[in-house]
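> After the structure tokens below, expect a handful of questions from me.
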Amino acid sequence: MKRKAMLIDIPRCENCGACEEACKEQNKLPENDDNGLSAYTYTKVREIKGHNVRRLCMHCNDPACLSVCPVNAFTKNPEGAVVYNANRCMGCRYCMVACPFGIPRFEWDRANPKISKCVFCFSRISKGGQPACAEACPVEATVFGDRDDVIKLARERIKAEPGKYIDHIYGLNEVGGTSVVYISSVPFGQLGFPTNVEPVPLPQLTWKILKQVPNVVTLGALMLGGIYWITRRREEVARFEEQQQKEQKERETR
Ligand code: SF4
Ligand code: SF4
Ligand code: SF4
């Protein structure tokens, strides 16, 4: 099985919403007016400084979310999809802290909440199909295929129109490579993408990073405390998520 990938071509995107609609339909997600990703919105296009930036899980080659999950709720499939088993989730939300792209979301409004995120339409791609969002894009701003072919296409588009694109494929090397890669007309840092991620798989660094978050270490020690720990963790992570969203907004307005 060849590793798959999806190219997001930011300058081509017309913010038509077809990918968002297709994702909602495919995953039977409720319509809402979320301004960004949420437990019920796996992909969102937002206009940032005049550029249409579509976000979804990056499906990292070596996912940090998977490496920190204490109950193995995440799986990296041979096609490249990082899928999530809600039945295993115990609600610790380590994955939310570990993800360098701030992707996993939590069902705060549910009595028994779980994490949720894009699953790369695994049910479709495992049968040789393409993700619903890629199929729906009318202008090939989202293109799915074998990772090698997708990278080749990205290089061709950059080479064909050097005035339109900067010479950088985001996700080719970041965090050891991802299955969702981007091309852009401006440096990715200007669009809120983290630029301080290292070109090595994050699991090698995850605990180094998590150790920089004092609450995580403290709470890790409390893990055996069971329900009490989980209740406290919910409050801690709610604060962390708020801070994370604030930092993302700051990056985008810089
Ligand atoms: S982007 Fe985040 S949630 Fe998605 S695979 Fe990578 S670490 Fe996991
Ligand atoms: S790959 Fe599937 S789940 Fe992910 S954003 Fe596209 S349509 Fe939604
Ligand atoms: S369907 Fe294509 S052009 Fe429309 S918003 Fe999504 S990525 Fe952009």
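Bear in mind that the values in this text are calculations on the coordinates, not laboratory data. Quantities reported herein were computed from a predicted structural model and do not represent experimental measurements. Please note: Cβ atoms are built from the backbone with ideal geometry, for glycine as well, and neighbour counts cover all protein chains shown.
> Scanning for something within 16 Å of ligand 1 (Cβ to nearest atom) and buried (at least 18 other Cβ atoms within 10 Å of the Cβ), does region 130-142 turn up at least one residue? Talk me through it step by step, then tell me what you get.
Looking only at region 130-142, we keep the residues that are within 16 Å of ligand 1 (Cβ to nearest atom), and these are 131, 133.
Adding the requirement that they be buried (at least 18 other Cβ atoms within 10 Å of the Cβ) leaves 131, 133.
Yes - at least one qualifying residue is present in region 130-142.
> Among the candidates Val175, Val197, which residue alone is in contact with a helix residue (DSSP H, G or I) (Cβ under 9 Å, 6 or more places away or on another chain), surrounded by fewer than 22 Cβ atoms within 10 Å (Cβ to Cβ) and more than 25 Å from Glu21 (Cβ to Cβ)? Before you say what the answer is, go through the steps one by one.
On the way: Val175 fails: surrounded by fewer than 22 Cβ atoms within 10 Å (Cβ to Cβ).
Going through Val175, Val197 in turn, just one is in contact with a helix residue (DSSP H, G or I) (Cβ under 9 Å, 6 or more places away or on another chain), surrounded by fewer than 22 Cβ atoms within 10 Å (Cβ to Cβ) and more than 25 Å from Glu21 (Cβ to Cβ): Val197.
> Let me ask something else. Out of (1) outside any helix (DSSP H, G or I); (2) within 16 Å of the chain's Cα centre (by Cα); (3) not polar (S, T, N, Q), the odd one out for Asp34 is which?
(2)
> Could you list, in sequence order, the residues of region 47-69 that are part of a loop (DSSP other than H, G, I, E, B), surrounded by fewer than 21 Cβ atoms within 10 Å (Cβ to Cβ) and out of contact with any Gly (no Cβ under 9 Å at 6 or more places or on another chain)? Lay out the reasoning, then the answer.
Taking region 47-69 first, the residues part of a loop (DSSP other than H, G, I, E, B) are 49-50, 56-59, 61-63, 69.
Those still in the list that are surrounded by fewer than 21 Cβ atoms within 10 Å (Cβ to Cβ) too: 49-50, 61-62.
Residues satisfying the conditions are Lys49, Gly50.
> Next question. For Glu79, indicate whether it is closer than 14 Å to Cys133 by Cα, crowded, with 18+ Cβ neighbours inside 10 Å and under 18 Å from the mean Cα position of the chain (by Cα). First the steps, then the outcome.
Numbers: closer than 14 Å to Cys133 by Cα: no; crowded, with 18+ Cβ neighbours inside 10 Å: yes; under 18 Å from the mean Cα position of the chain (by Cα): yes.
Here the answer is no, as Glu79 does not meet what is asked.
> Within region 130-150, can one find any residue that is free of Cβ contacts under 8 Å to residues at least 24 places away in the same chain, within 16 Å of ligand 3 (Cβ to nearest atom) and either out of contact with any Pro (no Cβ under 6 Å at 6 or more places or on another chain) or not basic (Lys, Arg) (or both)?
yes
> Tell me the residue from Cys133, Cys69, Cys118 that is within 11 Å of ligand 2 (Cβ to nearest atom) and touching a Phe, Trp or Tyr at 6+ places or on another chain (Cβ under 7 Å), please.
Just a single option satisfies the conditions, and that option is Cys118.
> Continuing with this model, one more query. I need a count of the residues in region 8-42 that are within 16 Å of ligand 1 (Cβ to nearest atom) and not β-branched (Val, Ile, Thr). Please lay out each step first, then the result.
Initial filter on region 8-42 (within 16 Å of ligand 1 (Cβ to nearest atom)): 8, 23, 27, 36-39, 41-42.
Remaining after also requiring not β-branched (Val, Ile, Thr): 23, 27, 36-39, 42.
The number of residues fulfilling the criteria is 7.
> From the residues in region 106-129 that are out of contact with any helix residue (DSSP H, G or I) (no Cβ under 8 Å at 6 or more places or on another chain), in contact (Cβ under 8 Å) with a residue 24 or more places away in the chain and outside any loop (DSSP other than H, G, I, E, B), which one is farthest from ligand 1 (Cβ to nearest atom)?
Ile125
> In this structure, does Cys92 turn out to be part of a loop (DSSP other than H, G, I, E, B) and either hydroxyl-bearing (Ser, Thr, Tyr) or within 11 Å of the chain's Cα centre (by Cα) (or both)? Write out each step before concluding.
Values: part of a loop (DSSP other than H, G, I, E, B): yes; either hydroxyl-bearing (Ser, Thr, Tyr) or within 11 Å of the chain's Cα centre (by Cα) (or both): no.
Criteria not met by Cys92.
> So, one more: From the list Asn32, Asn72, Asn85, which residue is out of contact with any strand residue (DSSP E or B) (no Cβ under 9 Å at 6 or more places or on another chain), of a type in the set (S, T, N, Q) and loosely packed, with under 15 Cβ neighbours inside 10 Å? Steps first, please.
Numbers: Asn32 fails: out of contact with any strand residue (DSSP E or B) (no Cβ under 9 Å at 6 or more places or on another chain); Asn85 fails: out of contact with any strand residue (DSSP E or B) (no Cβ under 9 Å at 6 or more places or on another chain).
Answer to the check: Asn72.
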